[in-house]
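Below: one structure, written as structure tokens.
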Amino acid sequence: MDESVLKGNTAILKCHIPSFVSDYVFVISWLQDDGHEILADGGPYDSKYLVLPSGELHIRDVGPEDGYKSYQCRTKHRLTGETRLSATKGRLVITEPTNNVAPKKVGAEFGGWRVLNVNSNGTAWLTCQVSGFPVPKFL
């Protein structure tokens, strides 16, 4: 699906997996139309692209060039090992604001506070999905 994003912000693409298979299927990568594959288990954390354990693709600091690419997710079935490429492609619709835009939350609504248990040397993903202009800074 297409995703709207303000220039300079982070775009978030989600792989839409039917509910009847969502317990058995997970995202292993995202494929750009130029053949570049963004792996779910690799890449430096400070790169332009990041695939979260949820399967979401985060694209940092989007610019006009990102609007010319399309993205497909590749999934893998936990039991059979079968991989599939999504039937549809998503694009970014990039808007360049002319006025200030107050920061606002993008994506799912805040679900309340949660306790997060992480093993020693484990990894936890704490995202702050906010968009605005000028681009919000996180401290």
* Evaluate the range 4-18: report whether one residue or more is among the hydroxyl-bearing types (Ser, Thr, Tyr) and open to solvent by 80 Å² or more (accessible area, probe 1.4 Å). => yes
* Residues of the range 37-59 that turn out to be open to solvent by 60 Å² or more (accessible area, probe 1.4 Å) and touching a Phe, Trp or Tyr at 6+ places or on another chain (Cβ under 9 Å), as a count -> 4
* Answer yes or no as to whether residue 62 is open to solvent by less than 70 Å² (accessible area, probe 1.4 Å) and touching a residue at least 40 places away in the same chain (Cβ under 8 Å). => yes
* **Pairs where the first residue, in the range 65-84, is over 16 Å from residue 18 (Cβ atoms) and of a type in the set (A, V, I, L, M) and the second is at pLDDT below 95 and surrounded by 15 or more Cβ atoms within 10 Å (Cβ to Cβ), C-beta under 8 Å, 6+ apart** => none
* To do: Please go through the range 72-88 and pick out each residue that is in a strand (DSSP E or B) and closer than 14 Å to residue 33 by Cβ.
  => 72, 73, 74, 85
* To do: Taking only the range 77-93 into account, find how many residues are in contact with a Lys or Arg (Cβ under 9 Å, 6 or more places away or on another chain) and open to solvent by 50 Å² or more (accessible area, probe 1.4 Å).
  => 5
* Among the candidates 118, 93, residue that is at pLDDT below 75 and out of contact with any Phe, Trp or Tyr (no Cβ under 9 Å at 6 or more places or on another chain) -> 118
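The values are calculated or read from the model by the stated rules, or taken from the named source; none is laboratory data. Computed from a predicted structure; not experimentally measured. Here the Cβ is made from the backbone with ideal geometry for all residues, glycine too, and neighbour counts use every protein chain on show. Heads up: the accessible areas ignore ligands, DNA and RNA and are worked out on the full protein's heavy atoms, side chains in. Shrake-Rupley method; radii C 1.70, N 1.55, O 1.52, S 1.80 Å.
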